[in-house]
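Notes follow once the structure below has been shown.
Read the figures in this text as sums done on the coordinates, not as results from a lab. The structure presented is a predicted model; accordingly, all values stated were derived computationally and were not measured. Neighbour counts run over all protein chains shown; Cβ positions are idealised from the backbone, glycine included.
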Amino acid sequence: MSPVTQSFRGKELKPSESLKIDAFSMRIADIEGIELDRLHAHSLSVGWPHRAEDWQFLRESGHGFVALDEIGRVLGSAMWFEHGPDFATVGMVITSPRLQTLGAAQWLMKRVFDKIPGRDLRLNATRAARRLYLSLDFQSEKTVYQCQGIARMPATGSTAEAPGDIRTLDASDIQAAIALDAAGFGVRRPALIERLFAHSAGYGLFRGNKLAAFALCRPFGRGHVVGPVVAESDADAVAVVRPHVADHSGSFLRVDTHMDNGEFAAFLSHAGMPVFDTVLTMSLGKRLADFPADGSATRTYALASQTLG
């Protein structure tokens, strides 16, 4: 095998430093060297809500590439977020629809594969990008419901009260949150959870001294996003999200969830956050069901974000 040829899950990949499309060429660059205002303009060009501050948080949490034209304009991007030696999530894969059909997104994805060979991968695909990921052997998993709107406290309460005490989270709760998140997500993400704690307000449901559920909320896009939310039941998930709704009543709030029915989904709708759009969770390597479970009913009720999972 030549030095420039890599193998990813049995496929020969030859990532190059440049790509010729129509009458112009694109070159690859590390995302760390790109000004935040250029990244912000890049996501705005396809209607994504990410602020410059959101891009900075993602750069601090992971790695990525951008595709630049001859005069340095950002035409594409792709990022990855490593969680241990065997798993990563992929996100912020952005190209214009025209460039995507001409192979730019696949070129960027092959560069990502070259950096994280052999890992199990997970991502959340827009409808426009699903054909791309299917061509790269990703498998469909679950729909993600993007629930958003002007938050309001529901007129009616939960049908089942979650027993326990609700209180704000602080640094002393990080290790318990890391363990609970791992039980719901299937992979330990200590660095990410620590970084989220530093940028978020959090509420936890405690039974005795044990953390039973938690929800974090941070500034994002048009307002705030709630996530991750980790709990064993709908009632517990509602119990830790409800205080965030109260805190942001009258302002824009977003939750990304796999839940399409049940008490949690109903609560989001009644709280002013109906389904706005959907994306599709896809995996390469281990399927969601293949990740080890701890024997509990702990689930991730809301993603940290579509990019982070």
Criterion: buried (at least 24 other Cβ atoms within 10 Å of the Cβ) and touching a residue at least 60 places away in the same chain (Cβ under 8 Å) - qualifying residue of Val275, Val279, Val230: Val230
Evaluation of Arg222 against (1) buried (at least 24 other Cβ atoms within 10 Å of the Cβ); (2) touching a Phe, Trp or Tyr at 6+ places or on another chain (Cβ under 8 Å) (one fails), failing number: (1)
Out of Ala198, Ala128, sole residue that is farther than 24 Å from Asp236 by Cβ, surrounded by fewer than 16 Cβ atoms within 10 Å (Cβ to Cβ), among the hydrophobic types (A, V, I, L, M, F, W, C) and in contact with a Pro (Cβ under 8 Å, 6 or more places away or on another chain): Ala128
Qualifying positions in region 252-281 - among the aliphatic types (A, V, I, L, M) and closer than 21 Å to Ser61 by Cα: Val255
Enumeration of residues in region 54-108 that are under 25 Å from Ser25 (Cα atoms), among the aliphatic types (A, V, I, L, M) and within 21 Å of the chain's Cα centre (by Cα): Val66, Ala78, Met79, Val90, Met92, Val93, Ile94, Ala105, Leu108
Qualifying residue in region 113-125 (condition: within 28 Å of Pro49 (Cα to Cα) and more than 19 Å from the chain's Cα centre (by Cα)): yes
Conditions (1) within 22 Å of Met273 (Cβ to Cβ); (2) part of a helix (DSSP H, G or I); (3) touching a Leu at 6+ places or on another chain (Cβ under 9 Å): number failed by Phe214: (2)
Filtered residues of region 116-155 (kept if out of contact with any helix residue (DSSP H, G or I) (no Cβ under 9 Å at 6 or more places or on another chain), part of a loop (DSSP other than H, G, I, E, B) and among the hydrophobic types (A, V, I, L, M, F, W, C)): Ile116
Boolean, Ser77 is within 25 Å of Val187 (Cβ to Cβ) and either basic (Lys, Arg) or touching a His at 6+ places or on another chain (Cβ under 8 Å) (or both): yes
Residues being of a type outside the set (D, E, K, R) and under 11 Å from Ile166 (Cβ atoms) - total across region 203-237: 8
Positions within region 267-309 being part of a strand (DSSP E or B) and either of a type outside the set (Val, Ile, Thr) or over 17 Å from Val144 (Cα atoms) (or both), in sequence order: Phe276, Asp277, Leu280, Met282, Ser283, Leu284, Arg299, Tyr301, Ala302
